[in-house]
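*Asks:* First the structure, then my questions, so here it is.
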Amino acid sequence: MDITRRAVVGGVMGAGATVLAAGCTPHPQAVSTRRTGSPVTRENSAAGTPHWRAGKASGTRQADDLTQQVKAFASTTSAAHGERIAFHVATAVRQDYTVTVHRMGYYRGAGARLMSTSPRLRGTPQPPPFEDSRTGAVRCDWPASWSMEVPPHWTSGLYTASFTTADGYRTSVPFVVRDATRQSEFLVVLPFTTYQAYNLYPMDGVHGRSLYYGYLPSAHAAAVHEKAPDGEVYPVRVVPKKTYVLHYPERSRTVSFQRPYSGDGTPKVFDIDLDFIAWAEGQGLDVTYASSLDLHNGTVTPAHHKALMFSGHDEYWSVPMRRAAEKAVAGGTGMALFAANNVYWKVRIDDGPAGFPVMTCYKTDPDPVADPTGPTTMWRSTAPHGADAEQGLLGNQYNGIVKGSAPLVVTEPAHWFWAGTGLTAGQRIEGLVRGEADGMMTGMPRPAAAEHVLLSASPFHYGAHKRPVQNTSLYRAASGAWVFDAGTFGWTAALGGGRGLQDPRIQHATGNLVRRLRA
């Protein structure tokens, strides 16, 4: 069936779907006649809504991986104007659902904007996930259910498609709208490889696998059935009889993009990216967006921008991703990373059976594939003497998980980065070092820098007896490009993420950085 002409769910036509060749009806707020300012500034002048997520505020309930009330995944991580993106949808029982598409941004503090709403569509159950016994990869061989063509007036950005069933359950699927025709000042790269690495779908206590964990086989399960509104009885996956146990050896070595995200559909560490996007668009930065797979595939051209901005936790990098970043910096394109533990695991990305990407990382196990680029393990372990350590590119590298939080301790207050903040040497910014941290490691390669400065030196607790030091790093490459590494998960929250960590000094310092990157 040609899904570019009709919206279909599980082989059943959705009511009214045949009249929508473009996929969906634009929301009345989706079209603006304003022509002044940058596209991002114009976009964020529109009215927003904070209620895209499942929960009480949106009048919906979170779908889960036990009952799987509604689950969905996209055919791609990004699409350009005029390209079509398909969604593969399953519902636990036969019932209708609708799709609302939101764009993430500032929108006067609302954080998102409703762009379109689908017609009422018909959902059906789909087969359980297929599990690869060799690699542990989980994939869902579900047909494409509904598709949409990206309208030409949609501003490049991070979007979410939210699927809401008639009985009020909701799940979300993130994707990027690219705009390669516009050479924005800054290209924001979103970490879809890391999203998928953390994805434990199905998080049911039995079958789920990520590159981190799987479930112990001792977690027994019992089949559960639910009576549908039309009287039929459908199997609803499995529910463990005992408390499930996550186990590192049970992890997958390969993960597929052909599956939903676990839980309510929002990836782990997603809020780090949302915090950055809200700040950047609220500041009116001239940005366009890409996914990490675009960097891998060469879909975007870093040299067309003044800097690459990595908004979140971007831990899983392929060789093409790293070479693209290195080439960009060597050519004079700046780079700024606003979290920590980036470029840590080296991965291999291939096409799966249905054309969906599959990502492999054997981590601490021997990689059985004789890849000429080396094994899929830590970048710092792939070459003798740590020659490929991430510090050579970033100026810093991962050195620990932060127990609780710690203050960021300022160094080099006379540097232009801290100018106008009023901060002094040794001053503490409480709670800023959190999640994971980076620091300068002796014995590892340093970047070939004309100037390299550590802007913080913050001791933190990592385990019972470890007390490493977090650093925020900034260097200027021989090409003149600036490379910044925040070195903490707390940086974007301090930019104004609404979690009580906003700090005007960090906001001002980041503004100083943006001006240098722009220059």
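The values are calculated or read from the model by the stated rules, or taken from the named source; none is laboratory data. Computed from a predicted structure; not experimentally measured. Reconstructed Cβ throughout: ideal geometry from the backbone, glycine too, with neighbour counts over all protein chains shown. These area figures cover heavy atoms from the full protein model, side chains too; ligands, DNA and RNA do not enter into them. Shrake-Rupley method; radii C 1.70, N 1.55, O 1.52, S 1.80 Å.
*Asks:* Please go through segment 435-497 and write out the chymotrypsin sites (Phe, Trp or Tyr not before Pro) that DSSP classes as loop and that have at most 14 other C-beta atoms within 10 Å.
*Replies:* none
*Asks:* Further, regarding this structure: By how many nm would the segment from Ser38 to Leu216 grow when fully extended, if each residue of separation counts as 0.36 nm and the alpha-carbon distance is taken off?
*Replies:* Using 0.36 nm per residue and subtracting the Cα-Cα distance, I get 58.9 nm.
*Asks:* Full-extension gain between Thr181 and Gln502, please, as 0.36 nm times their residue separation minus the C-alpha to C-alpha distance.
*Replies:* Fully extending the segment from Thr181 to Gln502 adds 112.1 nm.
*Asks:* Per-residue ellipticity at 222 nm for the chain, helices alone: DSSP H runs ≥ 4 residues times -39500 (n - 2.57), over residue total, nearest 500 deg cm²/dmol?
*Replies:* Helices in the chain give a 222 nm mean residue ellipticity of -3500 deg cm²/dmol.
*Asks:* Beta carbons within 10 angstrom, averaged per residue: use that to sort the peptides 275-288, 71-84, highest first.
*Replies:* Listed from highest to lowest mean packing, they are 275-288, 71-84.
*Asks:* Now for a separate question. In degrees, nearest 10, range 0 to 90: what is the angle between the Cα axis of helix 504-518 and the longest Cα principal axis of the chain?
*Replies:* So the inclination is approximately 80 degrees.
*Asks:* Of the listed peptides 349-362, 253-266, what is their order by residue-averaged count of other C-beta atoms within 10 Å, with the highest listed first?
*Replies:* Ranking the peptides 349-362, 253-266 by packing returns 253-266, 349-362.
*Asks:* Over the chain, with every protein chain in place, what whole percent of the accessible area is carbon and sulfur at 1.4 Å, could you tell me?
*Replies:* Answer for the chain: carbon and sulfur cover 53 percent of the accessible area.
*Asks:* Straight-line reach only, C-alpha to C-alpha below 18 angstrom: list the aspartates and glutamates that Lys346 could link to, leaving out same-chain residues fewer than 8 apart.
*Replies:* Excluding near neighbours in sequence, the set is Asp294, Asp314, Glu315, Glu326, Asp365, Asp367, Asp371, Asp388, Glu390, Asp438.
*Asks:* Taking Cα pairs under 8 Å and at least six residues apart, what relative contact order does the chain come out at, in percent?
*Replies:* Reported relative contact order: 13 percent.
*Asks:* Starting from the Kirkwood radius over alpha-carbon pairs of the chain, derive D by Stokes-Einstein at 10 °C in a medium of 1.306 mPa s and give it in µm² s⁻¹.
*Replies:* 67
*Asks:* Related question: For segment 234-367, how big is the tail of P(r) above 17 Å, as a whole percent of Cα pairs?
*Replies:* Looking at segment 234-367, the distances longer than 17 Å represent 70 percent of pairs.
*Asks:* Counting Lys and Arg as +1 and Asp and Glu as -1, what is the net charge of the other residues whose Cβ lies under 9 Å from the Cβ of Gly312?
*Replies:* Local net charge: -4.
*Asks:* How long are the semi-axes of the ellipsoid equivalent to segment 102-180, from square roots of 5 times the Cα gyration tensor eigenvalues, in whole Å, largest first?
*Replies:* Semi-axis lengths for segment 102-180 are 28, 18, 13 Å.
*Asks:* What is the distance in Å between the Cα centres of segment 389-464 and segment 466-519?
*Replies:* So the separation of the two Cα centres works out to 10 Å.
*Asks:* Just the number please: accessible area per residue for the chain, 1.4 Å probe, all protein chains included, in Å².
*Replies:* Using a 1.4 Å probe on heavy atoms only, each residue of the chain averages 38 Å².
*Asks:* Please list, in chain and number order, the residues 5+ apart from Ser291 or on another chain whose amide H is under 5 Å from its amide H, with Hs placed from the backbone.
*Replies:* HN-HN under 5 Å from Ser291: Leu190.
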